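Read the structure below first, then the notes.
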Amino acid sequence: MSKSLYVAGAAPRSGKSIVSLGFMELLSASAGRVGFFRPVVVDQNDPAIALMSARYDLREPPEALFGCTEAEARDLVADGEEEELITRVLGRFRALEERFDQVVVEGTDFSISIPGLEFDFNAELARHLGCPVVPVLSGAQRSSAELADQVRVVVSSLADRGCDVLAAVVNRVARRQRDAIALDLKAAVASTPVYVLPEHPILDMPTVGEVATALGAERLGGPADALNREIAHFKVAAMELPHFLDHLEEGSLVIAPGDRADIILGCLVADRSLAYPQVAGMVLTGGLLPEPQIRRLIDGLGNISITMLGVAGDTFSTAMAVGAVESHLGPDNPRKVAAALGVLEGHIDGPELCDRINLKRPARVTPLQFEYELIQRAKRRRMHIVLPEGNEERVLRAAEILRLREVADLTLLGEPARIRRRIATLGLRLPDLPIIDPARSPLRERYAEALYMARRHKGITHQMAWDMVEDLSYFGTMMVHTGDADGMVSGAVHTTQHTIRPAFQVIRTAPGHNLISSVFLMSLPDRVLVYGDCAVNPDPSAEELAEIAISSARTAARFGIEPRVAMLSYSTGSSGEGAAVEKVRSAVRIARARAPDLKLDGPIQYDAAVDVAVARTKLPESEVAGRATVFIFPDLNTGNNTYKAVQRTSGAVAIGPILQGLNKPVNDLSRGCTVADIVNTVAITAIQAAGDQSVGETP
């Protein structure tokens, strides 16, 4: 079986980098360590190499990931040394291939315009590599019949050149025509799988940063992250401000001479105003800067949210140069990456491709595989998740990624006008995202009544319930309790108690559970482990420890981790004595009686649970020792300190706490959580809400 896969564009601007990203994501979750290679690049600062290196932690010098530069290739072709060019590229590739389980090769760009390269060169190189080819075609403004003819010609041409075609991808098809064209191509090209991807506006829009790089512009003001704003339109300001404002559109890059104070100030105010579209950025031309009084006025506005660029060229030449800038995927724009993956995951059959490549899933689940599976499972049934912290920047950025990848339906809580203003300031795109203000929502009365009915035995009154549901956490919890949402994720700015207390009071335990507990999913460099309980139960009894163990094993299995449960203590086997050890021994007996098929052992020390060599000495007959995946701590003090020690000293990502035993899922975030943590926790909550079970779940 070939260790490589060749993604080749069949025409300019086919979008092959998007497809390469999709294969890197798919293979990284299915085939172990995956490398990336480009035969010819413009220079060492290739954006595709930068993206893949950063996202997939390739840890290779840039020169190891490409064959040669455009200048080197052109010189070899001009000298009639085409074979030397092939030999040089193959040599670099073979050296890289030895260090990876799979390699995705992204072919050359048609923009390079080197005679003898492009389609024929890509086909010849793929044949030398002996790897299957995935041709990528542009479907923009083409009919089904035209695309069918084009796909047949490309597949036939590759076959004539001795290439094996794995599948074909037709990109940039009009979204409203995508399904019909996919059906037509499936019938017309039966010999080869053809995947049809709809166009996504964000992917074709250059960012302000890409324009700045192309123009060699100087950043005059604005936050660095505003460079990631996409440009949907560019507007040359050649009229007075009142008339110009009528022509502003969402995502406009405004191009104006640097002495047009009226346009500059008007755009800054328009960007903050909910009455006008969001401005992507400004380019000030002619080498002119605003007058000192205008700069002072701008400084007094505080932190402006759009980028101002300065260029020496005149307005006309600048506008022409901006119009020629193309969009690229890069490591500094997670929004475009999320949009690309959302398009690919929704329209490419990953399992079918893995079968065709003949991949077998590795026995050990790596963090990248784990996160990929989380997203895929959540996407199977899009659940509705409420996020109470609607004004928090990390939550909003995560919400955008979740929507772009179509992971879940979301509702934010908070004051709508304030949140919309925050979204605009951050340059995010969250159109039509539901936002509910608990204080003014018509749902408040119904939720107050439901809360009163659930807590009246504790002495709360109707007025108390009415006041309580104005709180974001209580309102979100009542959404879940009444079925208006499937799950809730909070805690980025609220304490754990503020997040989970309403769930304990109202949602309560699920049938078959006597207590609510928690686990952290510890994403280590080479595996994902489950730690419980590290957040809820201070000193569980033997019976409670047994339930925590069984619940944690179920959680592990649900998320694709084979449960092998280690009941931890300060001694292993029968070597120690004391009340704490006896509690763990008793918990082991209870858990084995309740779940006899569960792989579980204890009491066991942490080193014997994770280290095969230590396990051979301390507990040689155990099927858990040395191979444990689920670690149950005897008390909260031990569990909480251990997970934090592992997190801080090993660089592990701790996802959680994930609550287990609740009737409906509510999960807490760390106040130090990242955007990626929020994305993963929402995906986990959606999976819990859907009741998705892993194949082969033991308990």
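The values are calculated or read from the model by the stated rules, or taken from the named source; none is laboratory data. The structure displayed is predicted, hence computed values, not measured ones. So basically every Cβ, Gly included, is an ideal-geometry build from the backbone, and we count neighbours across all protein chains shown. Heavy atoms of the whole protein, side chains included, go into the accessibility calculation; ligands, DNA and RNA do not. Shrake-Rupley method; radii C 1.70, N 1.55, O 1.52, S 1.80 Å.
Things to note:
- 15 Å beta-carbon shell around Thr495, net charge (K/R +1, D/E -1): -2
- Of Lys16/Lys336; Lys458/Lys583; Lys379/Lys664, pairs whose Cα-Cα distance is over 25 Å: Lys458/Lys583
- Gain on full extension, evaluated as 0.36 nm per residue between Val612 and Met320 minus their Cα-Cα distance, stands at 98.6 nm.
- Probing with 1.4 Å while keeping every protein chain in the model, the per residue accessible area of the chain equals 42 Å².
- What separates the Cα centres of segment 299-339 and segment 432-492 is a distance of 43 Å.
- Net charge in the neighbourhood of Val469 (other residues with Cβ under 10 Å of its Cβ; Lys, Arg +1, Asp, Glu -1) is -3.
- Helix 178-188 axis, angle to the chain major axis (alpha carbon atoms, nearest 10°): 80 degrees
- Here segment 367-465 exposes an accessible surface that is 49 percent carbon and sulfur, computed with a 1.4 Å probe and the other protein chains kept in place.
- Taking only Cα atoms of segment 76-218, radius of gyration then Dmax in Å: 18.0, 53
- Apportionment of accessible area to carbon and sulfur, segment 595-662, percent (1.4 Å): 47 percent
- On Cα atoms only, tilt of 416-426 relative to the major axis of the chain in degrees: 50 degrees
- Residue-span extension gain [Glu623 to Arg152] - 0.36 nm each, minus C-alpha spacing: 164.2 nm
- Taking the convex hull of Cα positions in segment 148-201, its mean projected area over all directions (nm²): 3.8 nm²
- Distance histogram for the chain (every C-alpha pair counted, 20 angstrom bins, percent rounded to whole numbers): 16, 41, 34, 8, 0
- Computed E for Asn303/Ala417 - FRET, C-beta separation, R0 22 angstrom, nearest 0.05: 0.70
- Pairwise Cα separations in segment 498-577 fall into 5 Å bins from 0 onward with the following percentages, short to long: 3, 13, 21, 22, 20, 13, 6, 2, 1.
- Cα long-axis angle, helix 261-272 against the chain (0 to 90 degrees, to the nearest 10): 30 degrees
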